[in-house]
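As structure tokens, the structure follows; a few thoughts come after it.
The values are calculated or read from the model by the stated rules, or taken from the named source; none is laboratory data. This is a predicted model, so every value here is computed, not measured. Because the Cβ atoms are built from the backbone with ideal geometry, glycine has one as well, and the counts that use them run over all protein chains shown. The accessibility values were calculated without ligands, DNA or RNA, using every heavy atom of the protein model including side chains. Shrake-Rupley method; radii C 1.70, N 1.55, O 1.52, S 1.80 Å.
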Amino acid sequence: MESKTPRIVVVYATAQGSTRDIAEFIAACLTERGADVELSDVEHAPDLSRFSAVVLGSAVHDMAFLPAAATYIRAHRDELSRRDMWIFSVGLSPSLHGPIGRRIGRIVPKNIAALCELVHPWEYQAFAGHYERAGVSLKARMLYRLMGGGRYGDLRDWAAIRTWSASIAQGLGLRQAQSTTVNP
């Protein structure tokens, strides 16, 4: 019996590009495992009827998805909930390492939890993004330090993103990767 190649769409909403980079990386990881993958920003997302699985990611600002991502999930909730789906977010919480920050980092913000509840993804995963010190107020920098933020710059954990992509591939029954995607 011949197995059908899964068609996956990776949809993202980004503010400064970090979420797009992660979405591109996930798409590449799934492609190298044999899936037919399409990548799209949320504002130009394709018709979902062509896909059996969806991976959706959004930057997090003020403990919520970007408005375009939240609107997309609400507008397509029926279609999304009928497909295999995984959701990821990109923000600061996963980069916090102090005792307070680790607790905060494990909490799924209520706004995001409510969106996940609408579409019932297989998994929700939060990743750290890119956080620059320039342009951040003294108050915000102090709060970041108090919560356990250690450094600025690219805080993305590409190994964790690769592992999560592999778990999606395993959930879809994709083959093992023949090579390893190089992080951007």
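A few comments on the model shown:
- Residue list for region 146-184, filter: more than 21 Å from the chain's Cα centre (by Cα) and either under 30 Å from VAL9 (Cβ atoms) or modelled with pLDDT of 65 or more (or both): GLY150, ARG151, ARG175, GLN176, GLN178, SER179
- Among the residues making up region 122-143, those that are modelled with pLDDT under 90 and open to solvent by less than 60 Å² (accessible area, probe 1.4 Å) are ALA128, GLY129, TYR131, VAL136, ALA140, ARG141.
- Strands (runs of 3 or more DSSP E) wholly inside region 35-93 containing at least 3 residues that are in contact (Cβ under 8 Å) with a residue 60 or more places away in the chain: 53-61, 84-91
- Within region 57-67, tally of residues that are touching a strand residue (DSSP E or B) at 6+ places or on another chain (Cβ under 6 Å) and either open to solvent by less than 20 Å² (accessible area, probe 1.4 Å) or within 16 Å of LEU118 (Cα to Cα) (or both): 4
- Yes/no for ARG83 being surrounded by fewer than 22 Cβ atoms within 10 Å (Cβ to Cβ) and in contact with a Phe, Trp or Tyr (Cβ under 8 Å, 6 or more places away or on another chain): yes
Here's the yes/no breakdown for (1) within 22 Å of LEU172 (Cα to Cα); (2) open to solvent by 70 Å² or more (accessible area, probe 1.4 Å); (3) among the aliphatic types (A, V, I, L, M):
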site: GLY17; (1), (2), (3): no, no, no
site: ALA27; (1), (2), (3): yes, no, yes
site: PRO46; (1), (2), (3): yes, no, no
site: ASP78; (1), (2), (3): yes, yes, no
site: ILE87; (1), (2), (3): yes, no, yes
